[in-house]
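Below is one structure, written out as C-alpha cells, with a few remarks after it.
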Amino acid sequence: MVSSKRFNSFHGRVGKLYDLLGRHPFSVSFGLIILLTPLCFGAQGNITDSAKMIWCLTGVAMPVSVILWLYKLRILNKAAAIVTVAVLVLSGGLASSYFIDSERASLWIFFYMFLAIVVFRFLTLSDKERSDKHNAFMIMAFSFAIKFCYVLYTSCYTRQNDVGSFDGDKGHAAYIEYLIQNKHLPDFNPTDRWQFYHPPLHHTVSACWIDICENVLGASRNHARESLQMLMMFYSLACVIIVYKLLRHFGFSGKSLLIPLALFAFHPAFILSSGAINNDQLAAFMTVLTMLFTVRWFKEPTVKKIIPIAFSIGCGMMAKLNAGMIAPAVAVLFFWQLIRYRAEIKRILLQYVVFGAICFPLGLWWTIKNKIQWGVPFDYVPYVGGDQFINKEIFERLFDLSPKQFSPVFENWIRDGSEFTEYNPNVAILKNSIFGEDINKTNFPGGNTIIPTILFWVALVLALLGVFFIVYFLFKKNTKLEKPYKVFFAVYWAFSLYYFYVFCYTYTATCTMNFRYLTPILVVSVMQYAMLYDQLGRGETTTAKKVISRIFTCMIAAFCLLSVVTYLLVGYMEVN
C-alpha cells in the first residue's frame, strides 16, 4: 500500500499547478500557444520532419517523466516503473512511426492530448479538495485539444468569412498584408477595397504576429500566414477562461459550474472561430471580457474597476464596430448604480466621465476619421448580391418552418447544388452556429451525416430551452444571480438579437445570417443553465429534480461529445 503522505505530496504539487493556472491563466495559455507555434505554424502540412521528431520525443518523454516522478515519490516500485517505462517507449516508438507517415497529423496530436489528459485525470482522481478547479481544468484542456486539432487541419483559406487572399487586394487577409507591407493605415477611401472599412486593431495585431513569425521565428511567408490561426485560437481559449471566471464570480460550483462551462467550451461556434482569421474573434473576446469587467465593477464601483470596461469596449469596437452591442447592457448597470448611489452622485458621475474619455475615442476614432475624411457613413456595410440576395417577404423569412428548412441540417446554398439558398434567420443562425457556412455532407466519411444530424437536433432543443430560461429566470426570485445581473445579460441578449434581425432585414443576403455576429450571447445561455442546476441543487432533493438534472446532463454531455466527434470527422476528411 502507498502511504497517504505520498499521495498528499503528489496532490500538493498538482495543487500548485492549479494555483499557477488560476493566477495567470491568460499568460499560461498564451505561453503555450507561443511554444506550439514553431512546431506547426497553424497547419498539419507545416509540421516538418524535425518538428515531427520533437512531437514524437515529447509524446514519449512526458509520460516517462511522470512514471519516474511517481517512482521518486515511491508511489511506484522499481519493477513497476521499469516495466511501465519499457511499455511506454516501445508503444511510443511504434505510434511515432505511424505519426511520421500520417497525412492526418492533427488527429494523432488530438488523441495524444486526449490520452495525456485522461492519464493526468486518473493520477489526480483523489484530489477532492480542488475538485471543481480540477474538473474545470480538464474541460478546458479537452477544449484546447479539439480546437488545436481544428486549427491544424483547417487552412487560413478554408471555412473563412470575407478573408479574400493575402496576395490579393481585397478581404481581411489583404488588409493585414497591406499593413505589413506599408507599415501604415490605408491612405485611401477604405470603401474602395472590400473589407478595408473595418477598424484596424485586429488587422494590426495580426500583421505584427505574422511579421514576428517571419522575421523572428524564421518562418516562411506562407507558414507565417497560417500561424495566424494560433492567435485566433488563443482568443477562443481566453473566452472559455473568462466564462469560468464569470461562473466563479457568481459563486457557482459543482454541476452548476462544470456542465455550463462544458457547454460553452465545446460549442462548435468557438471551435470554428479558432481557425477563422477575420476580426470577429477579437471582437467576441473583448465583448466577453467586458462582461467580466462589468460585473466586477458593479460589485465594487470604483474608478480603478471602470477603466478596464472602457478599454475592453473601446478595443472591441476598434476590432469590429458591432462589439459596441454590449454598450446598452453596460448602460443599464451604470444607470442602476447611479440610482443606488444617488447620495454619492458626483463620485459615480466622475467614473462615467473617465469611462467616456477612454471608451469613445478608442471605439469611434476610426469611424469618425473616415466620415470626416472620406464621407463614409457611420453604418456603412458593403452591398452583397448575386446568389445570396434574398427576395422574400419578411413573414415567409421568419415563419417558414417547412420540412425543407431542416433537411439537410446544414446551410442550404444553390451554389452547392441545394434547392434554395438559406433565407430564414431563425433556422440559419442555429445551422450556422453548429456547422458554419461551408460544412455539409461532403465533409463526412461516406457522406454519412447521422452524427451531425443528431448534434443539430440536440442543439435545437438546448437553444429553445435556453431562450425559455432567459425569460423564466429573469422574473424568478431567489436565484444565484441578483436582479441587476439578470437584467444585464437579458438586455445584451435582446439587443444583440434585435440588431441581428434588423441587420438581416436591412441587408437581405444569406451571409448576414451568420452566427459569428452573435457568438458572445452563448455566455447568456451558460448563465441560464448555471442557474438551472443551482436551483435543482437547492432544498430537498426530490425524484423530479433528479430526473430533470439527469436529463439535462445527458443532453449537454451528448452535445459536447457529438460536437467533438463531428469535428474529428471533418478533420478526417481534411488532408493537407
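Coordinate-derived values only; no laboratory data. Only a predicted model underlies this, so the values are computations on that prediction, with no experimental measurement involved. Here the Cβ positions follow ideal geometry from the backbone for every residue, glycine too, while neighbour counts run over all protein chains shown.
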*Residue farthest toward the positive end of the dipole of the chain, with Cβ of Lys/Arg at +1 and Asp/Glu at -1: which of TRP297, LEU497, ALA283?*
TRP297
*Estimate the FRET efficiency between PHE188 and GLU396 by the formula 1/(1 + (r/R0)^6), using the beta-carbon distance for r and 35 Å for R0, to the nearest 0.05.*
0.25
*Pick out the long, greasy-scoring helices in the chain: whole DSSP H runs spanning 18 Å or more along their own axis by Cα, mean Kyte-Doolittle at least 1.6.*
25-40, 105-123, 450-475
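Can you give the FRET efficiency for ALA80 and ARG550, using 1/(1 + (r/R0)^6), R0 = 45 Å, r = Cβ-Cβ distance, to the nearest 0.05?
On the way: r = 39 Å, r/R0 = 0.86.
The value I calculate is 0.70.
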*Among LEU20, ALA43, THR58, whose Cα sits farthest toward the positive end of the charge dipole of the range 4-153 (+1 at Cβ of Lys/Arg, -1 at Cβ of Asp/Glu, about the Cα centre)?*
LEU20
*How would you rank HIS184, HIS134, HIS203, HIS24, going from fewest to most other Cβ atoms within 10 Å of each one's own Cβ?*
HIS184, HIS24, HIS134, HIS203
*Order of TYR505, TYR567 from fewest to most other C-beta atoms within 10 Å?*
TYR505, TYR567
*Nearest-20 debye value, the range 247-341 charge dipole, Cβ charges on Lys, Arg, Asp, Glu*: 320 debye
*Dipole size in debye (nearest 20) for the range 121-246 around its Cα centre, Lys and Arg Cβ +1, Asp and Glu Cβ -1?*
520 debye
*How do LYS483, LYS305, LYS431 line up, fewest other C-beta atoms within 10 Å first?*
LYS483, LYS305, LYS431
*Please get the size of the charge dipole for the chain, origin at its Cα centre, with Cβ charges of +1 on Lys and Arg and -1 on Asp and Glu, quoted in debye to the nearest 20.*
2880 debye
*lysines whose Cα lies under 26 Å from that of LYS183, excluding same-chain neighbours fewer than 8 positions away*: LYS170, LYS320, LYS369, LYS371
*asked:* For the chain, what does the helix formula give at 222 nm: sum of -39500 (n - 2.57) over DSSP H segments with n ≥ 4, over the residue count, nearest 500 deg cm²/dmol?
replied: -23000 deg cm²/dmol
*Straight-line reach from LYS305: which lysines have a Cα under 22 Å away, not including same-chain ones fewer than 8 places off?*
LYS245, LYS346, LYS483, LYS486
*How big is the gap, in Å, between the Cα center of the range 390-433 and the Cα center of the range 299-344?*
37 Å
*For the pairs LYS255/LYS480; LYS52/LYS72; LYS147/LYS480, note any where the Cα-Cα span goes beyond 23 Å.*
LYS52/LYS72; LYS147/LYS480
*Listed residue (ILE345, HIS203, ILE307) projecting farthest to the positive dipole end of the chain, Cβ model*: ILE345
